[in-house]
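The next block holds one structure in the form of structure tokens; read it before the comments.
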Amino acid sequence: MKNKFPKFTLSLSFILTVLLTTTQISLAQNGNPPIPTELMFGHKRLDFQLVFKRNFTPTSKFSLLAISVFSENYNNENELGNNLVIPIQVNYSIGKKGIAISTGVEANSKAGFSPTVGFQHVFSNRKVLTLTVVNFFLNEGQDAKIFGLYEFKPPLNEAWSIYSRIQFVYNRSLGESNHNRSFIYLRGGLKKGPLSFGLGANWDAYGPFKETANNFGIFTKWDF
């Protein structure tokens, strides 16, 4: 009988490795911004996300942004929705309004590897986090991508807060005038200290015909 779980086992190994590495980095760099790491157990697949942002030094204008987004279907025969994207970019801050220019690379299980240039804007306080990234890919398709992540965390009392997030991507080939990839992710739940949990909904679309691969379930997030 064919083993139905090798890819899922590999996925869990990948996630555990990332979590262990994240914990070590967080402990080694105590006092820096947290590293939000999320798992969503949906009705069709497992979704994982990690966002890492660090200044080179406390006073440096240079910073590193790395985002890991990983999805895999429980059904190994269904390939649509399986995805691994890891953009990594170095940012140079301009002024004090959260604007930076950037250069980096993106590794994508569907589209391959490509250098990128672009800019970003970030703003954060105890209640709000906004991150907007615009990238242009130095590849044959001349892709352009906008990524947005926006959190709202109003307090309920001294210990608990509401946790809500909207996140989106739109990637388009300017050279071929085609849709490559897009998604909208919604999260709603509660937050206590570094822990957030609740309900999640993912709407994904792939390719020029916008084939959909949606996923709905529960999520848990820890800010390492």
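Since every read-out is calculated from the coordinates, none of them should be taken as a lab result. All values reported here derive from a predicted model rather than from experimental measurement. Counting neighbours? That spans all protein chains shown, and the Cβs are built from the backbone with ideal geometry, glycine included.
Tabulated data for the structure shown
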{"read-out": "Helix-derived mean residue ellipticity, 222 nm - over the chain, DSSP H n ≥ 4, -39500 (n - 2.57), to 500", "value": "-3500 deg cm²/dmol"}
{"read-out": "For the chain, convex hull of alpha carbons as volume per residue, Å³", "value": "129 Å³"}
{"read-out": "Linear extension gain, Leu174 paired with Thr59, 0.36 nm per residue minus alpha-carbon span", "value": "37.7 nm"}
{"read-out": "Hz values of 3J(HN,Hα) by residue in region 136-148 - Karplus curve (6.51, -1.76, 1.60), Gly and Pro given as x", "value": "10, 8, 8, 10, 5, x, 6, 6, 10, 9, 10, 10, x"}
{"read-out": "Relative contact order (%) - criterion: Cα under 8 Å, at least six apart; region: the chain", "value": "14 percent"}
{"read-out": "Length gained when the stretch Lys210-Phe224 is fully extended (0.36 nm per residue, less Cα-Cα span)", "value": "1.5 nm"}
{"read-out": "Backbone HN-Hα couplings from phi across region 47-58 [Karplus 6.51/-1.76/1.60, Hz, Gly and Pro as x]", "value": "10, 9, 8, 9, 10, 10, 9, 9, 6, 4, 9, x"}
{"read-out": "Cut-off 14 Å (backbone N to label point 7 Å along Cα→Cβ of Ala159), residues of region 192-224", "value": "192-195"}
{"read-out": "When each of Lys110/Lys192; Lys61/Lys153; Lys53/Lys96; Lys110/Lys191 is checked by Cα-Cα distance, pairs over 25 Å", "value": "Lys110/Lys192; Lys61/Lys153; Lys110/Lys191"}
{"read-out": "Hz values of 3J(HN,Hα) by residue in region 95-101 - Karplus curve (6.51, -1.76, 1.60), Gly and Pro given as x", "value": "x, 10, 9, x, 9, 8, 8"}
